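Q: Once you've had a glance at the structure underneath, I'll fire off some questions.
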Amino acid sequence: MNRRVKSVENCLAQAGHSHLRRSLGPIQLAALGVGAIVGTGIFVLTAIGAERAGPALMLSFLIAAAVCGLAALAYAELAAMIPIAGSAYTYSYAIFGELAAWLVGWNLILEYTAAAGAVAVGWSGYIVGLLHAWGIDLPIYLRAGIFASSGGGVNLVAVMITAVVTTLLIIGTHTSAAVTSALVAIKLIALLVFVLVTLPALNLQNFLPFMPYGFGSTEVGGTVKGVMAAASLIFMAYLGFDTVSTAAEETKNPNRNVPLGILGSLATCSLIYVLVAAGAIGTTPYQRLIGNPEPLAWILRNLGHPTLGNLVGLSAVVALPSVLLMLLFGQSRIFFSMSRDGLLPQALSRVHARFRTPYVITAITGAVVALLAAFFSVQEIAELSNTGTLFAFIAVGVGVLTLRIADPLRPRPFRCPAVWLVAPLAVAGCAYLFVSLSSTTQARFFCWSLLGVAVYLVYGYRHSPLRNEI
């Protein structure tokens with residue numbers, strides 16, 4: 001089965017016949033990257049990360065950023081060489097073969113679906129908190145899923161925002177990108193306000209002891225804690241950079257703009273995250289953040305700035321949908337590539353006659369995300385998302401080294417610096433983060449992967465166009 005390798009030339013030739021519109025310029029692409037990264041990871045997971053790492057949350061953010069930065073360099077080289085929709089799935093198809101590509105794509109589906117669900121639930125927490133500040137309280141059975149909270153039912157708020165964003169994506173990529181650019185500015189201004197208010201109010205005593213649960217990942221009271229446990233969770237906060245690569249077929253001059261979008265958005269967001277984490281922990285004992293669905297807004301209110309707290313909460317309500325939009329965008333484009341390759345039904349890759357977007361798979365993706373957000377907690381969803389991501393990043397790290405050996409003369413518009421150091425470190429870092437996740441989350445990942453193998457054998461293996469060619 002792994003003899004079914006789609007060459008880089010075939011990938012590029014197929015993209016040349018794509019019906020997707022190349023409408024994204026460098027500014028739009030950078031905005032999409034930052035828009036996808038800055039979201040639930042910093043607005044919501046700050047509280048959950050603090051529960052796991054204590055004041056060492058900043059170190060967890062730095063570790064996750066370092067691993068993502070190493071993986072991003074490998075991603076950028078492959079994205080410039082193979083500027084095709086599908087991200088790590090497409091790269092794996094050209095390097096390792098069909099079965100490996102299917103497993104990577106299958107786990108990217110898990111990544112994007114779960115991450116989008118986590119964003120929807122995170123958005124729900126902020127709008128519920130904002131309504132509460134205005135004297136309006138929603139019943140718990142409408143704002144929390146049945147598996148997320150005692151007395152929960154269906155998180156109707158999360159379902160509604162997912163439906164709105166899915167509709168926007170179907171209307172068109174250009175429209176979506178324009179909206180996202182405005183929302184990115186709102187998010188960045190809100191985080192800047194948070195940093196400017198909290199950093200002058202730091203209390204160094206709040207940072208002691210710095211690592212109350214140690215560095216490694218250990219189970220404490222039924223919860224996995226430690227610096228690495230927090231890093232393996234908030235790793236999701238940086239996931240948006242690989243979404244940039246999924247937009248390659250809809251980007252002008254992708255060989256130049258895709259690498260710039262990946263690296264630039266990641267560097268910008270890493271600095272923002274560390275400053276926000278320092279402000280959050282330095283002004284509030286981490287124990288008081290545990291279980292808070294809107295930590296940044298609550299911290300400002302607690303510091304005596306209720307108006308600013310409400311404005312930050314409002315900015316999250318307004319801007320978090322841009323993250324959901326980009327995750328659904330990336331998910332639908334990976335599905336689009338797998339369908340176009342025959343590994344999923346061809347009807348899924350149908351492009352709308354007017355909007356020129358893959359509307360069938362976008363609608364299906366939105367429905368699945370809505371179901372996930374309706375019933376589960378943000379913590380469970382985020383952990384599940386990270387397993388698929390880490391698997392894909394490992395494949396990219398190994399893949400860039402494999403191509404350096406197998407095809408050293410191929411033009412590389414962007415070359416990963418010190419690749420024989422960077423790529424192995426990226427693989428090792430991702431592996432370490434994976435084993436730092438809870439055993440339950442790891443078991444769910446392996447069950448999902450086995451299900452993927454079964455689906456491939458039943459459908460993909462039999463319908464792949466490469467079957468007849470070989």
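Q: Tell me, yes or no, whether region 369-385 has at least one residue that is assigned to a helix (DSSP H, G or I), in contact (Cβ under 8 Å) with a residue 12 or more places away in the chain, farther than 30 Å from Gly125 by Cβ and of a type in the set (Ser, Thr, Tyr).
A: No, region 369-385 has no match at all.
Q: Look at Ala15 and say whether it is assigned to a helix (DSSP H, G or I), under 19 Å from Gly282 (Cα atoms) and either at pLDDT below 60 or of a type outside the set (Phe, Trp, Tyr) (or both).
A: No: the conditions fail for Ala15.
Q: Give the residue that is nearest to the chain's Cα centre (by Cα), with candidates limited to residues of region 439-470 that are surrounded by 18 or more Cβ atoms within 10 Å (Cβ to Cβ) and among the polar types (S, T, N, Q).
A: Thr441
Q: Given the condition touching a residue at least 24 places away in the same chain (Cβ under 8 Å) and under 30 Å from Ile140 (Cβ atoms), answer yes or no: does some residue in region 349-361 qualify?
A: no
Q: Across region 271-321, what is the number of residues that are closer than 15 Å to Tyr126 by Cα and either within 20 Å of the chain's Cα centre (by Cα) or not β-branched (Val, Ile, Thr) (or both)?
A: Final tally of qualifying residues: 25.
Q: Given the condition of a type in the set (Asp, Glu), surrounded by 19 or more Cβ atoms within 10 Å (Cβ to Cβ) and closer than 27 Å to Ala185 by Cβ, answer yes or no: does some residue in region 290-308 qualify?
A: Looking for residues that are of a type in the set (Asp, Glu), surrounded by 19 or more Cβ atoms within 10 Å (Cβ to Cβ) and closer than 27 Å to Ala185 by Cβ, one finds at least one in region 290-308, hence yes.
Q: Starting from region 156-182, keep only residues that are under 12 Å from Trp123 (Cβ atoms) and assigned to a helix (DSSP H, G or I), then list their pairs with residues that are of a type in the set (Phe, Trp, Tyr) and modelled with pLDDT of 85 or more whose Cβ atoms are within a distance under 7 Å, requiring at least 6 positions of separation or different chains.
A: Every condition considered, the pairs that remain are Ala158/Trp123; Ile161/Trp123.
Q: Moving on. Return yes or no: is Ser332 surrounded by 17 or more Cβ atoms within 10 Å (Cβ to Cβ), part of a helix (DSSP H, G or I), free of Cβ contacts under 8 Å to residues at least 40 places away in the same chain and of a type outside the set (Val, Ile, Thr)?
A: no
Q: In addition: Is there a residue being within 23 Å of Ser436 (Cα to Cα), touching a helix residue (DSSP H, G or I) at 6+ places or on another chain (Cβ under 9 Å) and at pLDDT 85 or above anywhere in region 247-268?
A: no
Q: Tally time: how many residues in region 188-205 are closer than 24 Å to Cys269 by Cβ and either free of Cβ contacts under 8 Å to residues at least 12 places away in the same chain or not β-branched (Val, Ile, Thr) (or both)?
A: Of the residues in that region, 10 qualify.
Q: Restricting attention to region 373-387, does a residue exist that is touching a Leu at 6+ places or on another chain (Cβ under 9 Å), over 20 Å from Thr46 (Cα atoms) and at pLDDT 80 or above?
A: yes
Q: Does Val318 qualify as being within 20 Å of Gly39 (Cα to Cα) and crowded, with 21+ Cβ neighbours inside 10 Å?
A: Answer is no for this residue.
Q: Given the condition surrounded by 22 or more Cβ atoms within 10 Å (Cβ to Cβ) and of a type outside the set (Lys, Arg), answer yes or no: does some residue in region 133-146 qualify? Steps first, please.
A: Residues of region 133-146 that are surrounded by 22 or more Cβ atoms within 10 Å (Cβ to Cβ), as a first pass: 143-145.
Those left that are additionally of a type outside the set (Lys, Arg): 144-145.
Yes, because at least one residue in region 133-146 is surrounded by 22 or more Cβ atoms within 10 Å (Cβ to Cβ) and of a type outside the set (Lys, Arg).
Q: Looking at region 251-294, which of its residues are of a type in the set (Ser, Thr, Tyr) and under 19 Å from Leu62 (Cβ atoms)?
A: Ser265, Thr268, Ser270, Tyr273, Tyr286
Q: Moving to a separate point now. Could you go through region 207-221 and let me know if any residue there is more than 26 Å from the chain's Cα centre (by Cα), modelled with pLDDT of 85 or more, more than 27 Å from Thr307 (Cβ to Cβ) and assigned to a helix (DSSP H, G or I).
A: yes
The values are calculated or read from the model by the stated rules, or taken from the named source; none is laboratory data. Computed from a prediction, not measured in an experiment: that's the story for all the values here. Counting neighbours? That spans all protein chains shown, and the Cβs are built from the backbone with ideal geometry, glycine included.
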